[in-house]
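What follows is a single structure, written as structure tokens, with notes after it.
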Amino acid sequence: MLAKSIVWSPSRVRMLNECPRRYVHSHVVGRGGWPGGPKSHIPKVAQAWQLGNKRIHSDLMIRTISDGVKDWILMKYRDDNWSEHSAKNQMTARVRGSLRESCGEIDDNLVKEMVSEGFPRLTALERAPLLSQLGSERVDEWMPLNRLEAYWVGNSRVYTVPDLIARIGDKWHLVRLSSQLWRRVPNETQQLELGVMLKWALDEPSLPNSPEQFVIHRIGWLNHRWLGWRNRGSAVWKDASQVMLTHDLKELRFIHLANKGDVDLDDLATNNNKQHCSNCGFKNECPRA
């Protein structure tokens with residue numbers, strides 16, 4: 001069965017490239033794909049829905065931090081007072097909820113460990129590049145945006161909305177936030193993924209119609225601090241990102257069409273590099289395991 005629409009995001013494309021089998025189990029069979037859900041009469045479909053929700057603890061912590069960052073930005077925008085005590089309580093509740101949903105059980109010591117490791121990222125936001133200037137005279141205007149708001153390309157949902165937008169002088173700054181980075185400078189593919197935000201911005205009637213009027217930022221946590229990378233927009237960057245997006249959508253449509261309800265899930269291609277298997281909920285029933 002073909003999903004109603006193809007969904008593009010950097011994380012989905014990364015999963016497809018790393019392991020087609022995991023992608024099909026997660027986004028074609030489970031999570032809104034084949035009907036029946038976790039109670040499907042087809043055992044492999046029910047299993048895909050159930051295992052697809054499993055995450056390693058570090059992934060759950062990063063998701064919880066991301067929610068805390070959104071809270072911090074929204075309170076900054078509303079000029080509300082951000083309280084460490086309230087934020088830590090909220091983070092603790094979210095960690096417990098994530099563990100319950102993913103594992104079905106809660107270890108109080110693990111909760112404390114995850115909060116202790118993750119919470120310093122929230123208290124350090126006041127020192128983060130650009131974020132530290134929000135609300136100051138240097139930033140003329142700014143607004144948080146809903147990153148989970150889909151931008152439609154034909155019948156495909158593309159997640160390319162920035163986390164926030166700010167105007168400084170005659171330039172508009174499009175910001176993507178990441179709760180965990182492995183390197184400060186994005187690689188070529190990541191830069192193309194960031195460049196997709198330019199098309200979104202150029203299609204907004206209230207924003208300038210020239211890519212050169214925008215600056216793309218990626219701000220993320222690396223080595224115990226928030227670090228930033230930025231680059232001015234250009235027509236070349238925007239066009240190259242659109243070529244990448246078109247290619248990705250074509251690949252995603254193909255993988256969905258090729259894996260309809262009669263496909264043998266045991267024959268799916270698997271990961272060629274086991275370094276990507278550690279956070280996969282399907283690794284215990286994978287033929288490569």
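Can you tell me which residue is surrounded by the fewest Cβ atoms within 10 Å (Cβ to Cβ) among those in the range 78-133 that are in a loop (DSSP other than H, G, I, E, B) and under 23 Å from the mean Cα position of the chain (by Cα)?
Of the residues in the range 78-133, the ones in a loop (DSSP other than H, G, I, E, B) are 79-83, 104-107, 124, 128-130.
So of that shortlist, the ones also under 23 Å from the mean Cα position of the chain (by Cα) come out as 124, 128-130.
Details: 124: 15, 128: 21, 129: 17, 130: 20.
Residue satisfying both the conditions and the ranking: 124.
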- Look through 175, 161 and report the one residue that is within 18 Å of residue 207 (Cβ to Cβ) and in a loop (DSSP other than H, G, I, E, B). 161
- Query: Quick one: how many residues across the range 205-231 are more than 27 Å from residue 122 (Cα to Cα) and free of Cβ contacts under 8 Å to residues at least 24 places away in the same chain?
  - Reply: 5
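Hey, among 217, 256, which residue is surrounded by 16 or more Cβ atoms within 10 Å (Cβ to Cβ), closer than 27 Å to residue 61 by Cβ, out of contact with any Cys (no Cβ under 9 Å at 6 or more places or on another chain) and not assigned by TED's automatic domain parsing to the domain that holds residue 73? Walk me through it before giving the result.
Numbers: 256 fails: closer than 27 Å to residue 61 by Cβ.
Going through 217, 256 in turn, just one is surrounded by 16 or more Cβ atoms within 10 Å (Cβ to Cβ), closer than 27 Å to residue 61 by Cβ, out of contact with any Cys (no Cβ under 9 Å at 6 or more places or on another chain) and not assigned by TED's automatic domain parsing to the domain that holds residue 73: 217.
From 193, 149, grab the single residue that is part of a loop (DSSP other than H, G, I, E, B) and either charged (D, E, K, R) or not assigned by TED's automatic domain parsing to the domain that holds residue 234 (or both).
Values: 193 fails: part of a loop (DSSP other than H, G, I, E, B).
Checking each option against the conditions leaves just 149.
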- Query: Across the range 48-63, what is the number of residues that are touching a helix residue (DSSP H, G or I) at 6+ places or on another chain (Cβ under 7 Å) and either modelled with pLDDT of 80 or more or farther than 18 Å from residue 23 by Cβ (or both)?
  - Reply: 4
- Among residues of the range 199-214, those that are under 25 Å from the mean Cα position of the chain (by Cα) and buried (at least 16 other Cβ atoms within 10 Å of the Cβ), counted: 7
- Here the residues within the range 128-160 that are at pLDDT 95 or above and under 28 Å from residue 98 (Cα atoms) are 128, 131, 144, 145
- Item | Residue in the range 66-77 that is at pLDDT 95 or above and among the aromatic types (Phe, Trp, Tyr) present | yes
- Query: Taking the range 171-189 as the search range and keeping residues that are surrounded by fewer than 18 Cβ atoms within 10 Å (Cβ to Cβ) and touching a helix residue (DSSP H, G or I) at 6+ places or on another chain (Cβ under 8 Å), which one is farthest from residue 66 (Cα to Cα)?
  - Reply: 171
- Task: Look through 217, 247 and report the one residue that is part of a helix (DSSP H, G or I) and modelled with pLDDT of 95 or more.
- Result: 247
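The values are calculated or read from the model by the stated rules, or taken from the named source; none is laboratory data. Note that the structure is predicted; figures quoted are calculated from it, not measured. Cβ coordinates were reconstructed from backbone atoms using ideal geometry, including for glycine residues, and neighbour counts include every protein chain displayed.
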